[in-house]
Amino acid sequence: MSEPHIRKVQLDELEEVWRVHVASSHDGMVRRGGPATPPADRPVASDARAGLASDPDGYFCAVQEGQIRGMVSALVRGRVWYLSMFFVLPGDQGRGLGRALLERALAYGDARGTEIRCTLATLDPRAQARYVMAGMAPRWPIYRLDGDAAAVTRLKARAGLDPRERERPCDPGAAEKLTAEVFGHGRAADLAHVRGDGGAAVAIERGGEVAAFAYRRGERIGPAAGRDETALLQAVAAAAAAGAGGGGSVTMRVPGACTSLLEALVSCGFRLGVPTLFMASRPFGRPELYLPSGPILY
């Protein structure tokens, strides 16, 4: 068998790369006791396409015998390097493909002058060991939370607004400014992608200024940011309740650092899913005040 070749992913290869992600993710679920039924074909996530568009020099694949057998995607946002996706086909794991892919992704961040490395790791200790060796330490869990219409209604009632506050559509510039304050760097292109992907943001205004915002795309909530934990909860509740049918079911990824939001969601009947683990070379920004858009773009 020929040696694997590590190279950049081309746009017309994204569907094949995505199949590696799906197959590897399913294998991990089976090893954790999940159903063995193969997943149905899923279209490439729009966030994966956005990542390739923003960071084509951080998207690599491992090719052997004419087949893509592994992939990695690294994104740079200011001083932050984020490992977005990292997957190797089940039958090719343990042969050094992952190590070679990760080395290229790390080198991309170094070339861009990043100061912080971070990722969302599965509970697979093999993956976590790789990230520890790359200088990233476990920081907090990130839970998927799903809420039905009744849970959303309870959340909206709990959040409340006082006479100084009101809900309104969020100006893109205000969302960008608050994201820069809380995340530590601007995310204008990512927020523009969310809007272009059908997302709409609701803002909590307090004293004439935006105290928090939250985007909703279909059933997904995020990104969201607030100047304090109360405002963040109010914005997430407003976004969850927005849309047809008074909100319906929603899903979001909530960091364990967002303790107030996490407690409110669970108390209102949102269901906890299997967590992932946020790992970083050091904390940054105000993580208790930021709700990510999801695992691919964070």
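Could you tell me which numbered condition residue 220 fails, if it satisfies all but one of (1) within 19 Å of residue 172 (Cα to Cα); (2) touching a residue at least 40 places away in the same chain (Cβ under 8 Å); (3) touching a Lys or Arg at 6+ places or on another chain (Cβ under 6 Å)? Going through (1) within 19 Å of residue 172 (Cα to Cα); (2) touching a residue at least 40 places away in the same chain (Cβ under 8 Å); (3) touching a Lys or Arg at 6+ places or on another chain (Cβ under 6 Å) one by one, residue 220 breaks only (3).
Tallying residues that are open to solvent by 20 Å² or more (accessible area, probe 1.4 Å) and either of a type outside the set (S, T, N, Q) or not in a helix (DSSP H, G or I) (or both) within region 257-297 yields 22. For residue 192, the criteria (1) surrounded by 15 or more Cβ atoms within 10 Å (Cβ to Cβ); (2) more than 18 Å from residue 286 (Cα to Cα) hold in every case but one, which is (1). Of the residues screened, residue 203 is not one that is touching a residue at least 24 places away in the same chain (Cβ under 8 Å) and open to solvent by 10 Å² or more (accessible area, probe 1.4 Å). Take region 48-68 and flag every residue that is out of contact with any Lys or Arg (no Cβ under 7 Å at 6 or more places or on another chain), modelled with pLDDT under 95 and of a type outside the set (S, T, N, Q). Within region 48-68, 65, 66, 68 qualify. Quick check on my filter: what residues within region 47-68 are assigned to a strand (DSSP E or B) and within 16 Å of residue 12 (Cα to Cα)? Answer for region 47-68, where residues must be assigned to a strand (DSSP E or B) and within 16 Å of residue 12 (Cα to Cα): 59, 60, 61, 62, 63, 67, 68. Does region 4-24 contain any residue that is at pLDDT below 65, open to solvent by less than 60 Å² (accessible area, probe 1.4 Å) and either among the hydrophobic types (A, V, I, L, M, F, W, C) or part of a loop (DSSP other than H, G, I, E, B) (or both)? For region 4-24, residues at pLDDT below 65, open to solvent by less than 60 Å² (accessible area, probe 1.4 Å) and either among the hydrophobic types (A, V, I, L, M, F, W, C) or part of a loop (DSSP other than H, G, I, E, B) (or both): absent. For the condition surrounded by fewer than 19 Cβ atoms within 10 Å (Cβ to Cβ), within 21 Å of the chain's Cα centre (by Cα) and assigned to a strand (DSSP E or B), residue 216 does not qualify. All of 113, 78 fail the test of being over 24 Å from residue 277 (Cβ atoms) and open to solvent by 20 Å² or more (accessible area, probe 1.4 Å), apart from 113.
The values are calculated or read from the model by the stated rules, or taken from the named source; none is laboratory data. Just so you know, these numbers come straight off a predicted model, no measurement behind them. Cβ sites come from the backbone with ideal geometry, for glycine too, and all protein chains shown count toward neighbours. The protein model used for the area step is the full one, side chains on, heavy atoms only, and it has no ligands, DNA or RNA in it. Shrake-Rupley method; radii C 1.70, N 1.55, O 1.52, S 1.80 Å.
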